[in-house]
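Chemist: I have a structure I would like to understand better, so I am pasting it below and will then ask my questions one at a time.
The values are calculated or read from the model by the stated rules, or taken from the named source; none is laboratory data. Everything quoted here is computed from the prediction, not taken from an experiment. Every residue, glycine as well, gets a Cβ built from its backbone with ideal geometry; the counts of neighbours run over all protein chains shown.
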Amino acid sequence: MSDIAVGGPASNTAAAAATSASKDKTMNQADFLSLLVQQMRNQDPTKPMDSSQMVSQLAQISQVSATQSLQTSFDSLSQSLQGNQMLQASSMVGRSVTVPSAAGQLQASGLDGAVNVPDGGGTVLVQVTDKDGNVLRTLNLGTPAAGLAAFHWDGKDDGGTALAEGTYGLKAQAGNAAVATYVSGKVNGVGMTGSDGAYLDVDGFGGVLLSQVAQIN
């Protein structure tokens, strides 16, 4: 860009615009266009601005405008998607969902969960443990088909003694391989995080992202 003449009102305006842009550490389309206009007004008549240079600068203005427009579109799309997520999540209130977890909350009705069984997994065993990792109850699910295999724990240990309500660990294996465990609970409410999207408040579990739900019952 050619040097702008110094000393006149127009050059002072251009300098002010440049100073403001420097302070904000950003230059918007209006600032860019103002500088270009001032440059044209104060160019040396004996050495007019190269037309190819002007075209290049106008192209830069167009690029800045397109970038700003694209960012606005992205922001609008993000807000729309969050609204859709909340609407989708609200329809799940009162329903039961299954979410991944290595622990579950034993309630008066027991504890419901599931195991992710691989193809040819063999016999599936679910172990309920205390906070120290001691096995309290082993549930034999047989040889279910691949996918989520549901189980119900009545809250009793292997000796038939009813255990206190609270949090218990869950471990499972299919054949000789460890597999993921899940817990099920009723959705009490929904919410929205700042960056991760919608989440569900699941009874006996707490908050879980909508994207983590493995099954809706």
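Chemist: Going through segment 190-217 one residue at a time, which ones are touching a helix residue (DSSP H, G or I) at 6+ places or on another chain (Cβ under 9 Å), part of a strand (DSSP E or B) and touching a residue at least 40 places away in the same chain (Cβ under 8 Å)?
Modeler: V190, M192, A198, Y199, L200
Chemist: Moving on to the next point. So Y182 ticks every box in (1) touching a residue at least 40 places away in the same chain (Cβ under 8 Å); (2) among the hydroxyl-bearing types (S, T, Y); (3) farther than 20 Å from T98 by Cα but one. Which box is left unticked?
Modeler: It is condition (3) that Y182 fails.
Chemist: Sticking with this structure for a sec: If I ask for residues that are of a type in the set (A, V, I, L, M), more than 32 Å from the chain's Cα centre (by Cα) and within 22 Å of Q215 (Cβ to Cβ), which ones from segment 106-144 would you list?
Modeler: The initial filter retains those residues of segment 106-144 that are of a type in the set (A, V, I, L, M), namely 106, 108, 111, 114-115, 117, 124-126, 128, 135-136, 139, 141.
Now narrow it down to the ones that are more than 32 Å from the chain's Cα centre (by Cα): 108, 124-125, 135-136, 139, 141.
Within segment 106-144, V124, L125, L139, L141 meet the criteria.
Chemist: Looking only at segment 83-122, how many residues end up being within 28 Å of G166 (Cα to Cα) and assigned to a loop (DSSP other than H, G, I, E, B)?
Modeler: 8
Chemist: With respect to the numbered conditions (1) of a type outside the set (G, A, S); (2) closer than 30 Å to Y199 by Cα; (3) at pLDDT below 65, which one is the sole condition not fulfilled by D50?
Modeler: Among (1) of a type outside the set (G, A, S); (2) closer than 30 Å to Y199 by Cα; (3) at pLDDT below 65, the lone unmet condition for D50 is (2).
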